[in-house]
Each structure stands twice: as C-alpha cells, then as structure tokens.
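Peer 1: I'd like to ask you about the structure that follows.
The values are calculated or read from the model by the stated rules, or taken from the named source; none is laboratory data. Only a predicted model underlies this, so the values are computations on that prediction, with no experimental measurement involved. With ideal geometry, Cβ positions are generated from the backbone for all residues, glycine too; neighbour counts draw on all protein chains shown. These accessible areas exclude ligands, DNA and RNA; they are computed on the full protein's heavy atoms, side chains included. Shrake-Rupley method; radii C 1.70, N 1.55, O 1.52, S 1.80 Å.
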Amino acid sequence: MLLTDYVALVSLTRDISTSNLLQVAAAVQKQVTRDLTPLWGIRANVAAFEKLADVPNDYHPVVLFGDPAELLGQLEFEIGNVAAARLVEQFQAGRIAGIHANAFTRQPFALIQAGDDWSVAVSHEVLEMLADPYGNRLIAARHPLDPDERVKYLLEICDPCQTVGYTVNGWKMSDFYTPRYFDPVRNSAAFYSFTGAITHPLHLLEGGYISWIDPRDSGLYQLEGGSEEPVLLADITTLARTSAPLRSVVDTNAATPRVTADNFTIVSGPGTDPARSHHAVRTASQANALRNAEAFLSVAAEAQAWD
C-alpha cells in the first residue's frame, strides 16, 4: 500500500487572499493526483490552512510570506529565534525564493517569498518536497558533459525545467521531469518531462540547472542550462561542516539560477495563455455556481411545498 504525504499551504501575507490560496491548493492537488502520481508513484493530500497553529503535526508546511518581519514573528515558535533570524536574513539578501528548511525541524518544511508567480513557486516546492522530502536523495547516472564519467545527481525534479510550466485550473504550475530523465540513452517512445519541454536524458533548459556529487572529490557541483562549465558549489570540507540537506546547500547558494516572471514561460499550444486560461476557469466556475444555486433553490422550494 502506498503511503500518503500531507502538505499544508499557509499564507502569512495579506497579498495572498484566502480564496486564492484555496484555489492554488486545489490546483496543486490536481497536479499531484493527475500528473505526478502516475509517473512517480507518489500520493499526497494538499490543503490550505489559515495559520501555522492550525496545521496538524503530520502535515509538511509550505509557508508563503511577503514581509520578513512578519515571517520572523511567526517562525520563532516553529524553529527558534536564531534559526528564524538566519532564514529571514537569507531571504532579505535575495539569495533564495523557496527552500526546504528541514535542517532546522528535521521534517520537510518550505518557505516561499510571495511574488508575481507565487503559484509556480508553490508547485515547484511541493513537487520537489514530495519527490525527495529530506533533500538528500542521489541518483547515479553519466556525467552531463563527460559520458565516460559517472556522478550522483540530487533528485530535484523541477530544477532542470524550472523556467517552463503549464496551467492547472487557470493557475501557473511548474513543469517536472519524469523518472526517465536519468536514462542512459534517449528512447523515442519515452518522454522526459510532463510538458515534453525536456526532450532527452539530462537535458537542461535555458535558466534550468542540475546538481550532483562528483565521486572523484566528493564536491557538490552545478551546471546551468546553456553553460559549458560546471560550478563548484561546495567542496568536501564545506559539506562536512554543515548538517543541512544538500537541497538547502544548493538553494542558498548565490550561484543557483532563480526563476523570475521574465524568464518563466508556459508551454505553447491551444488554450495555454495563462490570463485567458484563468479567465475561462473563473467564468466556468461562476456559471456552474449559478446553476448549482438554482438547483439548491429548487430543492428547497420543493421541500417547503412538502411541508
């Protein structure tokens, strides 16, 4: 029997309404159930909560915030004053927009600074949290630049294609690679990311990246799409000094590419314009709500007549 993970979305900023948070939670739930589970065999329940104190203790919190001071006050009781202040400092420096913070709680935990495309960041963080809750899972495959060498890749299913996405219920969601991403050769019958934007094993899109441990020196390296040279993020000595998961080491490094509204695109095709898709979903929802209200009134009228 497959176990089910539980994910809680919590907003600490007034910039995100409860209505929008609930809608994005429903969109991510559909993405997980419809798109992720058949490919990765991962099941999850995604729900929105008003505040951290409402989240059951078996849920993995994904916290959105706008004001770092507000974040600090809310997080102090969760991970302590020192750890909370350190995280806020990282966000204020602009070094990270989303991070799995289980280095502090020893449980999966993500923070996301709300921006224009905050639904993409939520999708990205939730999918990667579900695929590798503790941020240390490694998969062996050939070196991205030298086929005669093998390295161990950090399982980050959204990073190589992080600048591409699609819409679910009218909201922007992140693309993600499939388990075939690490195949030794390209198979024309396989697909390598959900949208098909990744076309072959170890393919990196512009603005995407991949991270790995090189067994020759145990260093943590990273290669960005379009680059011909990897970057050393942390050597063996640096890694030995920290208890943070590898994903946190990657996310907090200034060299790691970031997704912005300018470099994020929706896959092309009919009905994929985000604004039009969102409008269509909203219009259909309003029409459906009207029909349901009419049906409820009809039933209530009949019940009153029976009385």
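Peer 1: Any chance you could run the full-extension gain for TYR6 through ASP116? It's 0.36 nm times the residue separation minus the Cα-Cα distance, nm to one decimal.
Peer 2: 37.0 nm
Peer 1: Here is a follow-up. List the residues, sorted by chain then number, that are 5 or more residues from GLY225 or on another chain and whose placed amide H is less than 5 Å from its amide H.
Peer 2: Under 5 Å from the amide H of GLY225: GLY207, GLY208, TYR209.
Peer 1: Pop out the ³J(HN,Hα) list for the stretch 23-28 in order, Karplus 6.51 cos²θ - 1.76 cosθ + 1.60 with θ = phi - 60°, rounded to Hz; leave Gly and Pro as x.
Peer 2: 5, 5, 4, 5, 5, 5
Peer 1: What ranking of ASP15, ASP214 comes out by heavy-atom accessible area, probe 1.4 Å, highest first?
Peer 2: Greatest to least solvent exposure: ASP15, ASP214.
Peer 1: Measure off 7 Å from each Cα along the Cα-to-Cβ vector at PHE182 and ARG34, then give the distance between these two points in nanometres to one decimal.
Peer 2: 2.9
Peer 1: Which of the lysines could a cross-linker bridge to LYS51, judged by Cα under 28 Å and excluding same-chain residues fewer than eight apart?
Peer 2: LYS30, LYS172
Peer 1: Another question, if that's okay. Taking LYS152 as the anchor, which lysines have their alpha carbon closer than 25 Å to its alpha carbon, excluding any fewer than eight residues away along the same chain?
Peer 2: List returned: none.
Peer 1: What nm distance separates the two modelled labels at ARG43 and THR199, each placed 7 Å from Cα along Cα→Cβ?
Peer 2: Here the answer is 3.8 nm between the modelled labels.
Peer 1: Which whole number in µm²/s is D for the stretch 147-253 by Stokes-Einstein, with the Kirkwood Rh taken over Cα pairs at 10 °C and 1.306 mPa s?
Peer 2: The Stokes-Einstein estimate is 107 µm²/s.
Peer 1: Could I ask something else about it? Sequence-distant or interchain residues sharing an amide H contact under 5 Å with LEU111, placed H: which?
Peer 2: VAL63, ILE99, ALA101
Peer 1: So, in nm, how far is label GLU228 from label ASN253 when the simple model puts each one 7 Å beyond its Cα toward the Cβ?
Peer 2: 2.1
Peer 1: Summing Lys, Arg as +1 and Asp, Glu as -1, what charge do residues with Cβ under 15 Å from the Cβ of LEU145 carry, LEU145 excluded?
Peer 2: Here the count lands on -4.
Peer 1: Which length gain, in nm to one decimal place, applies between THR237 and ARG86 when the Cα-Cα distance is subtracted from 0.36 nm times their residue separation?
Peer 2: Difference between extended and current length: 52.2 nm.
Peer 1: Around PRO201, under 11 Å between beta carbons, what's the net of Lys plus Arg minus Asp minus Glu among the other residues?
Peer 2: Spelling it out: positives minus negatives among the neighbours equals +2.
Peer 1: To continue, here is another question. In the stretch 190-246, if the dipole is taken from +1 on Lys/Arg beta carbons and -1 on Asp/Glu beta carbons about the Cα centre, which of PRO230, LEU205, TYR192 is farthest to the positive end?
Peer 2: So the residue furthest toward the plus end is TYR192.
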